[in-house]
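Contents: one structure, followed by commentary.
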Amino acid sequence: MYDPRWNWHPDPVVFTYMFTIRPGMVKGWGLHKLHEDRYFVVQGELELVLYDPRPESATFNKISKVYLSASRPRLFNVPRFVWHADRNIGQNELIVVNFPTIQYDHKNPDKYRLPLHTDLIPYDFGNVSGW
């Protein structure tokens with residue numbers, strides 16, 4: 001999944017966890033101010049939807065979609081301050097391993113959330129369930 005000799009990311013691996021999403025469900029919107037997410041799909045198919053609210057960014061106010069799957073393994077980096085939602089577009093449970101750039105702090109979690117259906121992000125998931 002990850003080899004530091006690849007020099008893929010400047011930050012070391014300091015924490016790892018996995019999460020699952022049932023078919024047709026969405027996890028998001030989430031944003032981190034202190035760390036970046038680094039995803040690897042172990043099972044299933046993921047549609048990762050990103051919205052960039054950073055005024056200094058070349059992708060400011062744009063939506064990007066990235067598709068990750070276990071059939072084509074690769075790592076993907078979600079930058080700080082970018083809203084993201086994870087949608088299982090496969091028929092089976094989605095399993096994703098995340099290598100965030102900092103350890104989780106239960107007393108001060110670096111996790112900001114918006115409802116799936118929000119006017120703050122110009123994207124419509126339709127009739128999809130999520131949190």
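Observations
- Dipole magnitude for segment 4-113: about 60 debye, using +1 per Lys or Arg Cβ and -1 per Asp or Glu Cβ, origin at the Cα centre.
- The longest stretch of the chain left intact once loop-based GluC sites (Glu not before Pro) with at most 15 other Cβ atoms within 10 Å are removed from consideration, loops following DSSP, is 1-55.
- Modelled this way, with points 7 Å down the Cα-to-C-beta line, the labels at Met1 and Arg113 are 2.3 nm from one another.
- Stretching Phe81 away from Ile63 to a fully extended chain increases their span by 5.1 nm, per 0.36 nm per residue minus the current alpha-carbon distance.
- Taking amide H as placed 1.01 Å from N in the peptide plane, Thr101 has its amide H under 5 Å from the amide H of Glu36, each at least 5 places away in sequence or on another chain.
- Once backbone amide H atoms are built at 1.01 Å from N, Met25 has Asn88 as its partners under 5 Å, excluding neighbours fewer than 5 places away on the same chain.
- Backbone HN-Hα couplings from phi across segment 107-123 [Karplus 6.51/-1.76/1.60, Hz, Gly and Pro as x]: 7, 9, x, 8, 9, 10, 10, 10, x, 4, 9, 9, 6, 6, 10, x, 8
- Volume per residue that the Cα convex hull of the chain spans, once the total is divided by residue count, Å³: 115 Å³
- FRET efficiency estimate (nearest 0.05) - Cβ-Cβ, Glu56 to Glu93, R0 41 angstrom: 0.60
- For Asp110, the residues whose amide H sits under 5 Å from its own are Asp105, ignoring neighbours fewer than 5 places away on the same chain, with H placed 1.01 Å from N.
Taken together, the values in this text are just the output of simple stated rules run on the coordinates, not laboratory data. Nothing here was measured: the structure is a model prediction, and the numbers come from that model. No Cβ is skipped: glycine too gets one built from the backbone with ideal geometry, and neighbour counts run over all protein chains shown.
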